[in-house]
Structures are given as structure tokens and as C-alpha cells.
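Here is the structure we will look at, set down as C-alpha cells.
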Amino acid sequence: MTATSPVYETDALIAEDIDAYLALHQTKSMLRFLTCGSVDDGKSTLIGRLLYDSKMIFEDQLAALEDDSKRVGTQGQEIDFALLVDGLAAEREQGITIDVAYRFFATEKRKFIVADTPGHEQYTRNMVTGASTADLAVILIDARKGMLTQTRRHSFLAQLLGIRHIVLAVNKMDLIGYDRGVFDAIVADYRDFASSIGINDFTAIPLSGLCGDNIAQRSEAMPWYTGPTLIEHLENVEVDSDSARGGPFRMPVQWVNRPNLDFRGFSGLIARGSVRPGDAVRVVPSGHTSRIARIVTLDGDLDEAVAGQSVTLCLADEIDCSRGDVLAAADAPPQVADQFEATIVWMAEEALQPGRAYWLKLGTQNVSATVQPPKYTIDVNTMAELSAKTLELNDIGVAEVYTDRGVVFESYGDDRDLGGFILIDKATNATAGAGLIHFALRRSQNVHWQAIDISREAHAAQKSQRPRVLWFTGLSGSGKSTIANLVEKRLHTLGKHSFLLDGDNIRHGLNKDLGFTDTDRIENIRRVGEVAKLMTDAGLIVLTAFISPFRAERAMARAMIPDGEFVEIFVDTPLGVAEARDVKGLYKKARSGELKNFTGIDSPYEPPEAPDIHIDTTRLTSEEAAERIVDYVLALGNGDR
């Protein structure tokens, strides 16, 4: 690297006019890219070289490198560039990469954020995290080894996640004597594979991260290579944010900005397109329309705002718009649906539970969602589509997703911001998966809610009672059905309109097709919850007696019912007592291995943490428990409106 390198041309400007330099730096475009590949292919060394050659590391780091006799540079010294970027001590201690490390650097033309992603297969989720915001992927190949499994895996993931620019960096060319034949063979192999997964264009660069060949300067050792250096390519490639400016306007609303009664604006980051005062816009999903009155920023009003800018938009009309809505071009709004097909990358240690409710976050929208059993999973090594009932850690599969209300979206291929979502475990708030929407299911567009004249309230008024769901939960043999039956008899005597849904009885008909796996148990409770909801719509008091072992599904059932109308009743009986009763002989079969997935034996039961009613059957008789439950319900105003 010489002192006249274009990378250093801003040094004089920094010394002469720092304000001018900062202004220049602020207007530079930003490229986000990731490095990925197999273990020990030189990702961290390459990033270290980029930082070193762009002179964006601290002077004391440079001094430390120069003073270290063990490392020497391009003038006869060798530098351990990996240590410049290896921010995780645990990586060095364990010899593995366990996270995504982000670094910033800049050249005269552009600013960069680079993600150093793991090479191990078990950290696929980390690679997905780094790729989710990247415009470009640098896929490294060790020239000595050629294409490996992780080359295929990371190339597929990059293509899947919509990264349009691929750099095939054939690294460590110095270790094969800068042999052009080896380089050409690797590029040919990669081209054959890339075309099979939809990558039709990529840039191949032979380089050495350690020696600096073709990083910032052309390599004298490879005169046969006439393409750009890595930094030249990174500086000049078109970023996705530039191309996004040409699409129809989209801005997810992050918050409503109303500091006083005279100002009301809608703030957010423009995801796509551009907007000007006077443009017609539509609020999605409500469909209300208006026009842009002002584009407000801290630096003053703008005549135009484009993709990538954070702004506050003021509308000409007072229309309903809130966080989670999307402001869009009035004549080209995004889609709205509550059912769609998506590719899902599973990122949690606990496998996907089809039918279980997760939080789905898409842009600024947050809804409850369930994932159906996968249609198939994808073997990223062979691209084969494999049958599967669930998704395990790092699995990639295609499945249908149902949400509790319509979400505003685009196909991921058209819009990464409105086409990508994450799934969050409701119990732990941990990210469970990442999804890429393909399309809305046709049935979600063709099935509409039919208005009816006799309302839920009218049904309840006719019966002079407020509908409720009394949800009995507990181990098999705890006494749920016995107590629920006594409660219904008491309610019937009092002239109340009720119906008892018993677990065993339901499995003779509605749920006869379900077994006792976790997935089937979840679906069992979902169906019962839907039936109970319909019955409360008819004005009934519904009693359900089901083991319902999982908190998440009991919460799902509660969420189906209006606030205040769901009463969770924990029939608390110690396992030993329930097993001693064993009226149906089920515990005996479970202990002998004849009955699999039996709650309390080889399948878990999650007791309620804060039930509305806690029945300790070691202290109360069934009759006393029933009387207590009836008194509780009546005290809530169950019978009289």
C-alpha cells in the first residue's frame, strides 16, 4: 500500500477542514455486507486486512502491530489481521466462532458495515442474522480445498435471503503459488452449483487476505487477473437501498408523533420508493386515503424523502393511523392477509410446535401466529425437499402461517422489509425463527366474515346471563370431569344455560383423528378453544375438562375469549394420588410402556402459574370444590347482566 493510494486521499482534507470531511462522510452511501464460508477459510483475516488497508483502525493498534516482532507486513513482515477483528474472547479460548461480529470501516467513496459470520453448520442461525440486512455476500473459499459443504449452504442462504450481489473470494492464493488453473477450476465448479440455486451472476476474485493480494491493490503475483480488487468492487456495486427507491412508496408507521394539539405526524423509516408533499397515500390495512401535507425532519421540511430516510409525515386529513399500519402509495398498496406460505429458518433449541401460538413481528406489526406442520424441509447440501413434522434448530422449511388478524406484507422477493418476519416464543420472548413470505393463501383472500343480525350480546341477553368459559385443567385422574359435571348440575339447577365439553368425549368425534404427541395435543386444545368460543357467542356458559398440559395453549384459548370471560381452574392433585386412583388404568399402561406420551409420566404437565381458581383436591371434596367454583362464578356476575 503506497501513500498515494486513493484510500488515503481524504487524509489531507481531515487535516485542513474537519467539518468538510464530516459533511463528505455523511453523504457517502452505505454498503452492508457479510463474509461467510467454511471454518478457517480466512474470514477474520480478510476483514482485518480491509480495516488495515482502509486505515480505519486506531493508531495505537497500528503501533502495536508494528512493534510486534512476531507479525510481519507487506514489506517483509507478517501481520495477524484476525486479531484486529476477533472481538469475542471466547472464540480464541474455544477455537470456534460463536456469534456475528460487526465492524465498520470506510473508504473515500463509501462507508461499510461488515458482518463476520460463523463457519460452523450449527451456527446457521447466526449467518441468517448477518445476512438479513446485507446487500452483498463475500463467500470465501480456501484455494487449497475448493468448494465445501458450507460453500453450498451459505450460498443457498444468501440467495434465499435476497442478497443480490455475490463475491466469490478465492482466498489463500499465496499458498498454491497463485495458480490460475486452480482458480479457474474453482470458479467453474461454483458456477455450475450457483446456477442450480438461482445465482446467475457473481464476481470471482482471487486474493490473499494475509498478503493483501487484490484486496486494495492489484496483485503483482497474479497479472493474469484483470478484474477489480475487492475494495474497488465493494465501492462501486449498487446497493439495494438505491434500487429500492424505484418501487412504490412504503413506510411502516413506528409511532404517532403529536407533541401538541396543532401537530400530528406519523414517523417511520421509508422502506421503499419515494414521497413528496401532495402525493396521495393510503393507510393499510384500513384503506383510508389522504395526501401528504408535510415531510418533517429535525433539519427542516423536505421536498422529497426516499427509501432509507427516517421522517415524520403529516397528512392533509385527520384519519385513523397508528403504529403497525403502513403508509403506502394510494394506487399501489401492499397486500393484507392472515394466511400465507413462507420459508422459515428455525433458530431455537426447542423444536417448532405446529399449532402453538408465537408472536410474529413484521416491520412494526406484532400479531399472534401459528405455524402449520411443514410442507417440507430443505437439505441445503443437496437441495432435496424432505418430509418433516416439525422444524429443529437450523432447519429450513416451507410452511403455512396463520395470524390472528390481517398483516400488511409483500413477497420477500419484492420487499425484504415487508416480506421478512421473526417468530418470538411467547413464554421466553426469545427469537424462535425467521420467515420469508412467498404469497398469501388464496383462501385468505376469498373467505370473508359474514355480518349477522343476531349478535353475541343478543344471545346472552336472551338467556339473562353473561357467557363464560370455565377451563378445568389438571392431570389425568385429578377429578376434572367429576367436578365439572357437578358444577354444571348446579348451574342447571339455577336456571343457567351451559354445556360441558369433556376431553374423552370430544376425542370420540371432533378430535378422533388426533393422537397424544405434543403437536396433536396443541391442535386438540386449539379446536376445543374454537368450539368454546362459538358456544359463548351463542350466550352459553361453557365448561371444558381437558388435561391441557401446556401453558402456551391455555393462554391461546384464553386469548380467543373476551376479557373477563375466561376462568382457568387448576384441579391440583399430586401425581401419586392421581396414579393411585387410576380409574381408567392409564397410569399402569404408561408405566409398563404400553401407552406413550402420557402426561405426568413421559410427557410434561405445566401447572398454571396464576389460575383464577386453585382447587386442592387433597383438602376439598368434589362437592366442596364444585360449590366453591359456582360461588366464584356467581360472584363475578355470571348469572345476571
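Worth a mention:
- Odd one out for L500 among (1) in a loop (DSSP other than H, G, I, E, B); (2) of a type outside the set (V, I, T); (3) over 20 Å from S368 (Cα atoms); (4) open to solvent by 20 Å² or more (accessible area, probe 1.4 Å): (1)
- Test: R490 is at pLDDT 85 or above and open to solvent by 10 Å² or more (accessible area, probe 1.4 Å): yes
- Within region 291-312, the set of residues being open to solvent by less than 60 Å² (accessible area, probe 1.4 Å) and either modelled with pLDDT of 90 or more or not in a loop (DSSP other than H, G, I, E, B) (or both) comprises I292, A293, I295, V296, T297, G300, L302, A305, V306, V311, T312.
- Selection from region 357-370 of residues that are aromatic (F, W, Y) and open to solvent by 30 Å² or more (accessible area, probe 1.4 Å): W359
- In region 159-171 there is at least one residue that is of a type in the set (G, A, S), open to solvent by less than 10 Å² (accessible area, probe 1.4 Å) and over 18 Å from L436 (Cα atoms).
For every residue, the table says whether it meets (1) in a helix (DSSP H, G or I); (2) open to solvent by less than 10 Å² (accessible area, probe 1.4 Å); (3) among the hydrophobic types (A, V, I, L, M, F, W, C); (4) in contact (Cβ under 8 Å) with a residue 12 or more places away in the chain.
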| position | (1), (2), (3), (4) |
| --- | --- |
| G435 | no, yes, no, yes |
| A460 | yes, yes, yes, yes |
| A484 | yes, yes, yes, yes |
| D513 | no, no, no, no |
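- Residue, surrounded by the fewest Cβ atoms within 10 Å (Cβ to Cβ), within region 212-225, restricted to residues that are touching a Lys or Arg at 6+ places or on another chain (Cβ under 9 Å) and modelled with pLDDT under 95: A216
- Some residue of region 173-188 being farther than 18 Å from P228 by Cα, at pLDDT below 85 and out of contact with any strand residue (DSSP E or B) (no Cβ under 9 Å at 6 or more places or on another chain): no
- Neighbours by Cβ (under 6 Å, 6+ apart or cross-chain): first from region 148-174, closer than 12 Å to G198 by Cβ; second in a helix (DSSP H, G or I) and open to solvent by 10 Å² or more (accessible area, probe 1.4 Å): G162/R416
- Enumerated helices (runs of 4 or more DSSP H) restricted to region 160-272, each holding at least 1 residues that are within 17 Å of D142 (Cα to Cα) and touching a helix residue (DSSP H, G or I) at 6+ places or on another chain (Cβ under 6 Å): 180-196
- Number of the condition not met by K584 [criteria: (1) farther than 17 Å from D502 by Cβ; (2) more than 34 Å from the chain's Cα centre (by Cα)]: (1)
- Selection status of V336, closer than 20 Å to T289 by Cα, open to solvent by less than 60 Å² (accessible area, probe 1.4 Å), β-branched (V, I, T) and under 21 Å from the mean Cα position of the chain (by Cα): yes
- L360 being touching a strand residue (DSSP E or B) at 6+ places or on another chain (Cβ under 8 Å), part of a loop (DSSP other than H, G, I, E, B) and farther than 30 Å from R291 by Cα: no
- Close Cβ contacts (under 8 Å, 6 or more residues apart or on different chains) running from residues in region 313-324 that are assigned to a loop (DSSP other than H, G, I, E, B) to residues that are among the β-branched types (V, I, T) and open to solvent by 80 Å² or more (accessible area, probe 1.4 Å) are absent.
- Single residue of region 180-206 satisfying the filter (free of Cβ contacts under 8 Å to residues at least 40 places away in the same chain and open to solvent by less than 20 Å² (accessible area, probe 1.4 Å)) that is nearest to G42 (Cα to Cα): I205
- Strands (runs of 3 or more DSSP E) completely within region 371-416 that count 3 or more residues being closer than 29 Å to L136 by Cα and open to solvent by less than 60 Å² (accessible area, probe 1.4 Å): 376-379, 396-409
- The lone criterion from (1) at pLDDT below 90; (2) among the aliphatic types (A, V, I, L, M); (3) open to solvent by less than 50 Å² (accessible area, probe 1.4 Å) left unmet by A538 is number (1).
- Within region 584-598, none of the residues are among the acidic types (D, E) and in contact (Cβ under 8 Å) with a residue 12 or more places away in the chain.
- Hey, P549 crowded, with 17+ Cβ neighbours inside 10 Å and in a loop (DSSP other than H, G, I, E, B) or not: yes
- A single member of R276, R294, R218 is in contact with a strand residue (DSSP E or B) (Cβ under 6 Å, 6 or more places away or on another chain) and not polar (S, T, N, Q), and it is R294.
- H508 meets each of the listed conditions (1) under 32 Å from the mean Cα position of the chain (by Cα); (2) more than 27 Å from K426 (Cβ to Cβ) apart from (1).
- Of the helices (runs of 4 or more DSSP H) contained entirely in region 555-641, those carrying at least 3 residues that are open to solvent by 50 Å² or more (accessible area, probe 1.4 Å) and either touching a strand residue (DSSP E or B) at 6+ places or on another chain (Cβ under 6 Å) or not charged (D, E, K, R) (or both) fall at 575-581, 622-635.
- Residues that are under 25 Å from G162 (Cβ atoms) and either open to solvent by 50 Å² or more (accessible area, probe 1.4 Å) or not in a strand (DSSP E or B) (or both) within region 339-356 comprise M347, A348, L352, listed in sequence order.
The values are calculated or read from the model by the stated rules, or taken from the named source; none is laboratory data. This is a predicted model, so every value here is computed, not measured. Ideal geometry is used to build each Cβ from the backbone, glycine not excepted, and the neighbour counts take in all protein chains shown. The protein model used for the area step is the full one, side chains on, heavy atoms only, and it has no ligands, DNA or RNA in it. Shrake-Rupley method; radii C 1.70, N 1.55, O 1.52, S 1.80 Å.
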